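Working notes for the structure below.
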Amino acid sequence: MKYVLPIAGLAALALAVPPVAVQAEDYDIDCAVILCMAGGFPASAPCSAAHGYMMKRLKKGKPPFGTCAMSDGKAFTDYDLDMGIHYYCEAGLVMRWPDERDNWSGNRPGCYIEEVVGRDDERRYTYVRAAAGGPYMEITISPGNAEAYRSGKLYY
């Protein structure tokens, strides 16, 4: 009986403290996304894994990465992330938004053939198809600093 309490205490302690390696791995992939995104996801095994992780998060409606913990345990926050959706049409077509003012209305824009007709150069648009689109991201590391690094827009 005298060994039951110490063993039970150790078991409770082991269950109460999550494994450190699992927590570090969770943070490592988020840090890898930030670093690899800044470099345009160069061809490497870590960046390939980070890109796959990021794409899974985006498909679930989450931001591209979670918390990146530094060696002191604090979250890395010295970055700006710009995200959005870009739309495009192939050459020769004009992109127009669904409302007449060519403004964002919540609907996807379309690709049109533009024709100039009549003496007053009136424009006529013939719908061809919906514009293609996808997310873009741009990350700036250490914004506002003379040594800031900006990735440029990355399209997915």
Flagged in the range 16-27 as farther than 19 Å from Asp80 by Cα, outside any loop (DSSP other than H, G, I, E, B) and either modelled with pLDDT of 95 or more or not aliphatic (A, V, I, L, M) (or both), in numbering order, are Gln23, Glu25, Asp26
Pairs returned, first residue in the range 141-156 that is in contact (Cβ under 8 Å) with a residue 40 or more places away in the chain, second residue that is assigned to a loop (DSSP other than H, G, I, E, B), beta-carbon separation under 7 angstrom, 6 or more apart or interchain, are Ile141/Asp78; Ile141/Ala148; Ser142/Asp78; Ser142/Ala148; Tyr149/Ser142; Ser151/Gly40; Leu154/Gly40
Only unsatisfied item for Met37, checking (1) among the aliphatic types (A, V, I, L, M); (2) over 30 Å from Ile113 (Cβ atoms); (3) surrounded by fewer than 17 Cβ atoms within 10 Å (Cβ to Cβ), is (3)
Out of (1) touching a residue at least 12 places away in the same chain (Cβ under 8 Å); (2) touching a helix residue (DSSP H, G or I) at 6+ places or on another chain (Cβ under 9 Å), the one Met55 does not meet is (2)
Note on Ala8: of the conditions (1) assigned to a loop (DSSP other than H, G, I, E, B); (2) at pLDDT below 90, unmet is (1)
Of the residues in the range 40-57, those that are surrounded by fewer than 15 Cβ atoms within 10 Å (Cβ to Cβ), under 14 Å from the mean Cα position of the chain (by Cα) and assigned to a loop (DSSP other than H, G, I, E, B) number 1
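The values are calculated or read from the model by the stated rules, or taken from the named source; none is laboratory data. Being a predicted model, the structure only gives us computed values, none of them experimental. No Cβ is skipped: glycine too gets one built from the backbone with ideal geometry, and neighbour counts run over all protein chains shown.
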